[in-house]
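Here's the structure we're looking at; comments come further down.
The values are calculated or read from the model by the stated rules, or taken from the named source; none is laboratory data. None of the values given here were measured: they were computed from a predicted structure. Counting neighbours? That spans all protein chains shown, and the Cβs are built from the backbone with ideal geometry, glycine included.
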Amino acid sequence: MKKILVSLLTILVSVVVMFVVIQSMPGNPVDIMASDIMKTEGVQYDIAYERAKLQLNYDPDVPIGRRFVLYINGLLHGNLGTSMSYKKPVSDIMMGALPWTLLVVTFSLTLSFIVGIFVGIFIAWRRSKALDTFMIGYQSIFGAIPNYVVAYLLVFLFSVTLGWLPARSAYSTKVTVGWNGDFVLDVLKHAILPVLAYFLTTVSGWVISMKANSLSVLGEDYITYARVRGLSKRRIMGSYLTKNAIIPMITTLAVSFGLLFGGSPLIENMFLYPGVGYYLNQSIARRDYPLMQGMFLVIIVMVVLSSLLAEFLYKYLNPRLREK
């Protein structure tokens, strides 16, 4: 219960900070639209300003405290406001974007985690110096390159040069949207490059962490005792090594999900993938405050829930903590 209350408090504080920062950003949306109206229609600034307020349904002259009260009141009633640029409820945009981000993040994180676990155990068990050296070099290179740069290189190679994979959107306009084979295959094809961009930049971290955990477990007395008893290598690896080395990795996986979810804007913007990150980028560029607040709220909640899940998983997987 204490962890849940702390998580709720964290979300509340984050929402307050998020609202203040967004509302204090330079580049008032009303001023931006008023300037555009002046340039295109040649009207005076006062007239353009009033028209912009009506079109955006936003009045920057209202005190920030009053705006915050209205925002919290709407939040408590499930109303996140209406997007200034898309003219749609923020909740509708959010529900449409969330599945796409979850798809890419879940696939990429699961794939990198599974590969990292098996390769990390293999390096530790076999004491493979060649593979260990390769992974350290790989981590040095891909750990230093931002994932959006890797995404750009993947687009250049597989989309522009080879023409094998699509470089933008979540699915083709040629397929019928729905639970049919053509649509599912097209969605998976469009998700390959975003997933690959995440995978290439995260898998080495899992390998190195799992290798370190496995080497630590291999030095424990129960591993030595299992070998003395003559247990098979397969049983030692499965029942003793993997189960104990993977415990801290599971909790790290939950935290990484939230962090990867929060780091989605650059990748999704690169591929024009209609997820949370893409709409967050669009809202920042257009100073769409309601949409910006909605997308940041999703990221905050996902990060906090992932951390909370990690706490529960660690207590569940570690018998010593369950007894306390």
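Summary of computed values
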{"read-out": "Candidate set: the range 80-106, residues that are over 14 Å from the mean Cα position of the chain (by Cα) and farther than 22 Å from Asn57 by Cα; chosen: the one surrounded by the fewest Cβ atoms within 10 Å (Cβ to Cβ)", "value": "Met95"}
{"read-out": "Tabulated pairs, the range 121-134, first farther than 15 Å from Lys233 by Cβ, second of a type in the set (Val, Ile, Thr) and surrounded by 15 or more Cβ atoms within 10 Å (Cβ to Cβ), C-beta under 7 angstrom, 6+ apart or interchain", "value": "Leu131/Ile123; Asp132/Ile123"}
{"read-out": "Top-ranked residue in the range 259-300 [being under 14 Å from the mean Cα position of the chain (by Cα), not small (Gly, Ala, Ser) and not in a helix (DSSP H, G or I); ranked as surrounded by the most Cβ atoms within 10 Å (Cβ to Cβ)]", "value": "Tyr273"}
{"read-out": "Hey, Val69 more than 27 Å from the chain's Cα centre (by Cα), modelled with pLDDT under 85 and of a type in the set (A, V, I, L, M) or not", "value": "no"}
{"read-out": "Unique residue being touching a His at 6+ places or on another chain (Cβ under 7 Å), among the hydroxyl-bearing types (Ser, Thr, Tyr) and either touching a residue at least 12 places away in the same chain (Cβ under 8 Å) or in a helix (DSSP H, G or I) (or both) when the list is Ser169, Ser216, Ser256, Ser209", "value": "Ser169"}
{"read-out": "Long-range neighbours under 7 Å by Cβ, at least six apart or interchain, first residue over 18 Å from Tyr71 (Cα atoms) and touching a residue at least 12 places away in the same chain (Cβ under 8 Å) within the range 3-14, second surrounded by 15 or more Cβ atoms within 10 Å (Cβ to Cβ) and not aliphatic (A, V, I, L, M)", "value": "Lys3/Glu311"}
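This table checks each residue for (1) of a type in the set (Asp, Glu); (2) assigned by TED's automatic domain parsing to the domain that holds Met295; (3) surrounded by 17 or more Cβ atoms within 10 Å (Cβ to Cβ); (4) part of a helix (DSSP H, G or I).
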residue: Asp46; (1), (2), (3), (4): yes, no, no, yes
residue: Ala52; (1), (2), (3), (4): no, no, yes, yes
residue: Asp59; (1), (2), (3), (4): yes, no, no, no
residue: Ile72; (1), (2), (3), (4): no, no, no, yes
residue: Ile123; (1), (2), (3), (4): no, yes, yes, yes
residue: Ala144; (1), (2), (3), (4): no, yes, no, no
